[in-house]
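Student: Structure in C-alpha cells, see below.
Nothing in this text is a laboratory measurement; each read-out follows from the coordinates by a stated rule. Not measured: the values here are computed from a predicted model. Neighbour counts are summed over all protein chains in view; Cβ atoms, including those assigned to glycine, are modelled from backbone coordinates with ideal geometry.
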C-alpha cells in the first residue's frame, strides 16, 4: 500500500501531525514537561509544608517537636488550621526557663556543699513530709539528734490523718 493522502484531506499537514507508525514527538515532549511540572509542584508544596518546622529548628527542642507534630497532623488530615498553628508557634520565641532553673539548682548545690548533680538523689521517707512510717521504724531521739523527743520527730514527719484527708493525701 502506498503512502497516499485521502482525497478529502488537506494537501498541507501541520508539523505536529505524525504519520502512522512514527513517534509522536509532541506527545513525548508534553509528557516529560508534565512529569517535571508535577515533580516541581510536589517539591514546592513539601518545602512550603515544612516551612514551620524549618523555622522552629533553631528554637528549643520541645517547641520544634510540637511544630513537627502539628505539621504531620496537617499533612495527614488536610486540615490547614494545624499548619497555621505550627507556623504561629514557630514564629513565637518562648523564653528559656530551663537554663535559669538549672543555674539556680547548681547554685543551691554549691551553697549546700554538694558536687554538681549530686542533689538529684531521692530523699529518704523520714524527711519527706506526709510519708507513712510503720510502727517498727518509729523515729528515735538519736535519729534526729540529741534532745529531741520522739513525738516531735514523728509530728514533723507525719501528718495527722484528718489533715492528710483534708489535703487529699488519703
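Student: Hey, can you rank 30-41, 81-92 by average C-beta count inside 10 Å, highest first?
Tutor: On the way: 30-41: 10.2, 81-92: 16.7.
Answer by packing, highest mean first, reads 81-92, 30-41.
Student: Cα centroid distance between the range 67-97 and the range 1-66, in Å?
Tutor: Each part reduced to its Cα centre gives a spacing of 32 Å.
Student: Same structure again: If contacts are Cα pairs under 8 angstrom and at least 6 residues apart, what is the relative contact order of the range 2-96 in percent? Present the calculation step by step, with values, prior to reporting the outcome.
Tutor: Details: 58 pairs, mean separation 19.9, N = 95.
Contact order relative to length: 21 percent.
Student: How would you classify the range 28-91 from its alpha-carbon gyration tensor, with a ≥ b ≥ c the square roots of the eigenvalues: rounded for a/c under 1.5, else prolate if a/b is greater than b/c, otherwise oblate? Each step should come with its number before you reach the end.
Tutor: Numbers: a/c = 3.92, a/b = 2.46, b/c = 1.59.
Prolate, since a/c reaches 1.5 and a/b exceeds b/c.
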